[in-house]
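The values are calculated or read from the model by the stated rules, or taken from the named source; none is laboratory data. Model, not experiment: these values are computed from the prediction. Cβ coordinates were reconstructed from backbone atoms using ideal geometry, including for glycine residues, and neighbour counts include every protein chain displayed.
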Amino acid sequence: MSTALDALRARAPEAVVVGASAGAVEALLGVLPALPASLPVPVLVVVHVPRDRQSALPTLFAERCLVPVLEAEDKLQSEPGRVYFAPAGYHLLVERGGGLALSVDDPVNLSRPSIDVLFESAAWAYGARLLGIVLSGANADGADGLACIRARGGLGWAQTPATARATAMPSAAIAAGVDAVLPPEEMGTTLAKWSTP
């Protein structure tokens, strides 16, 4: 954890992007409730949710987190100390300056929202000042996006596959290259230590 924490302190991310699919709730419960009210960055989250079903994730996590948890809206300006979930059926993108955009472009990796779409847009918006996290999931969505983040100087973490309900997504990210492999609880405590003065 010290290595991951040292890297966070050295890079000082301006945003965190997170992707998950099967097993997302269990993995996110290890990360998001640990975030302190003093969190200095926005956290943007994509979870694969069928487009014909409204996501209950913002409500679920709002009851468990110290930071406000919202569903992302088109043209909304992201703010530090908040968690934004992509709505079902829409890609979530980040614009320069932290503005959010929603898109109904074709699915990527059979998914809309797609983790890769969020990660790649955030990589161009934030450059080296970005942390990308890939959690439990049953496909390879997120691996290319995490590679894009790292190519622009940002940091990439993946969930320890042994702790994931579905190992394909973190395993694909690890194969593409990451800076740290951690269980979700360690991700949460590392982010909390970095966020606390």
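Quick rundown of the values:
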read-out	value
Odd one out for Ala173 among (1) under 25 Å from Leu39 (Cα atoms); (2) crowded, with 19+ Cβ neighbours inside 10 Å; (3) of a type outside the set (Val, Ile, Thr)	(1)
Condition met for Leu92 (surrounded by 20 or more Cβ atoms within 10 Å (Cβ to Cβ), in a strand (DSSP E or B) and either within 14 Å of the chain's Cα centre (by Cα) or of a type in the set (D, E, K, R) (or both))	yes
Helices (runs of 4 or more DSSP H) enclosed by the stretch 98-194 - at least 1 residues per element that are farther than 26 Å from Lys75 by Cβ and not small (Gly, Ala, Ser)	143-151, 168-176
Count - residues of the stretch 1-21 that are surrounded by 20 or more Cβ atoms within 10 Å (Cβ to Cβ) and under 16 Å from Gln159 (Cα atoms)	7
Residues of the stretch 95-124 that turn out to be surrounded by fewer than 17 Cβ atoms within 10 Å (Cβ to Cβ) and in contact with a Leu (Cβ under 7 Å, 6 or more places away or on another chain), as a count	2
Odd one out for Ala10, checked against (1) farther than 21 Å from Arg112 by Cβ; (2) modelled with pLDDT under 95; (3) in contact with a Phe, Trp or Tyr (Cβ under 6 Å, 6 or more places away or on another chain)	(3)
Filter result for Ala143 (of a type in the set (Gly, Ala, Ser) and either surrounded by fewer than 24 Cβ atoms within 10 Å (Cβ to Cβ) or out of contact with any helix residue (DSSP H, G or I) (no Cβ under 7 Å at 6 or more places or on another chain) (or both))	no
Filtered residue count, the stretch 58-69, keeping only those that are more than 14 Å from Val47 (Cβ to Cβ) and surrounded by fewer than 17 Cβ atoms within 10 Å (Cβ to Cβ)	5
Enumeration of residues in the stretch 127-140 that are surrounded by fewer than 24 Cβ atoms within 10 Å (Cβ to Cβ) and under 23 Å from Leu8 (Cα atoms)	Gly127, Ala128, Arg129
Matching residues, the stretch 39-62, being at pLDDT 95 or above, part of a loop (DSSP other than H, G, I, E, B) and over 13 Å from the mean Cα position of the chain (by Cα)	Leu39, Pro40
Leu191 being touching a Ser or Thr at 6+ places or on another chain (Cβ under 7 Å) and touching a residue at least 12 places away in the same chain (Cβ under 8 Å)	no
Candidates Ala10, Ala27, filtered to the one that is assigned to a helix (DSSP H, G or I), of a type outside the set (Lys, Arg) and within 15 Å of the chain's Cα centre (by Cα)	Ala27
Residue that is nearest to Ser195 (Cα to Cα), among those in the stretch 37-87 that are in contact (Cβ under 8 Å) with a residue 60 or more places away in the chain and of a type in the set (Ser, Thr, Tyr)	Ser38
